[in-house]
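Data first, discussion second: the structure below is written as structure tokens.
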Amino acid sequence: GSYSGFQSNFVFLPKIGYSVGQGRHRWGASYTKGYRTAGVSINRQRATAVEYDPEFTDNYELSYKYMNPSFQFSANLFYIQWKDQQVQIQLSNNFYDTQVENAARSNLLGGEVETRFLLTSNQKINFGVGFTQTEFEDFETLSENYDGNEFPYAPQFTGRLSHILNLTEDLQFLTVFRYLEKSYNNAEN
């Protein structure tokens, strides 16, 4: 069918940060407000259009970085509080019976550590480890209660090891090994 209409809104998204450095050390703290627009989800099994609300996040982060020519170290801790997170849910065992719904409240807590070593003038090694803990705090639909469940596709532990070889000034050879811990592929867990 046809659609005509106009809808607008005003969204204020502040970003506040502060960092301080002393020698090769740097500490930082930041707050940002995030936003994702509302939309329409199509449930292909039921042939219905389902509207969902905009999503907002409050993002808090603390960071530390140490730098010298042959070694770098960085770490950060973060906490994200969601309001009306947009989540795809499965309504039945049918693959096409999915739609996006809003989780009233949810959160993510985590941290990352990364190091970089300069082996030679043309070789570097990077190593990083990450941890996240996710939870739907208030997410109930007509068919199911997801309170206490983890986010889909959110492994608790991740890892990355990479080797960079600069063959010439314009050509690099990069090898990457990644680790992703098991995670759920749906909100039902």
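Conditions (1) polar (S, T, N, Q); (2) under 26 Å from Gln90 (Cα atoms); (3) in a strand (DSSP E or B), marked per residue:
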residue: Asn126; (1), (2), (3): yes, no, yes
residue: Val129; (1), (2), (3): no, no, yes
residue: Thr134; (1), (2), (3): yes, yes, yes
residue: Tyr153; (1), (2), (3): no, yes, no
residue: His163; (1), (2), (3): no, no, yes
Go through the range 41-98 and give me each residue that's open to solvent by 40 Å² or more (accessible area, probe 1.4 Å), assigned to a strand (DSSP E or B), under 30 Å from Gln123 (Cβ atoms) and of a type outside the set (Ser, Thr, Tyr).
Lys65, Met67, Phe71, Gln72, Phe73
Being small (Gly, Ala, Ser), touching a residue at least 40 places away in the same chain (Cβ under 8 Å), loosely packed, with under 15 Cβ neighbours inside 10 Å and under 30 Å from Gln85 (Cβ atoms), is that true of even one residue in the range 133-152?
yes
The condition of being closer than 27 Å to Phe10 by Cβ and in contact with a Lys or Arg (Cβ under 6 Å, 6 or more places away or on another chain) holds, among Thr57, Thr32, Thr37, only for Thr32
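Conditions (1) at pLDDT below 90; (2) among the polar types (S, T, N, Q); (3) over 28 Å from Thr132 (Cα atoms), marked per residue:
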site	(1), (2), (3)
Gly5	yes, no, yes
Ser19	no, yes, no
Thr57	no, yes, no
Lys65	no, no, no
Of the residues in the range 160-177 that are within 23 Å of Phe131 (Cα to Cα) and of a type outside the set (Phe, Trp, Tyr), the one that is least open to solvent (accessible area, probe 1.4 Å) is Ser162
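The values are calculated or read from the model by the stated rules, or taken from the named source; none is laboratory data. Treat the numbers as computed from the prediction; the structure is a model and nothing was measured. Heads up, the Cβs are rebuilt from the backbone with ideal geometry, glycines too, and the neighbour counts pull from every protein chain shown. All accessible areas refer to the heavy atoms of the entire protein, side chains included, with ligands and DNA or RNA removed. Shrake-Rupley method; radii C 1.70, N 1.55, O 1.52, S 1.80 Å.
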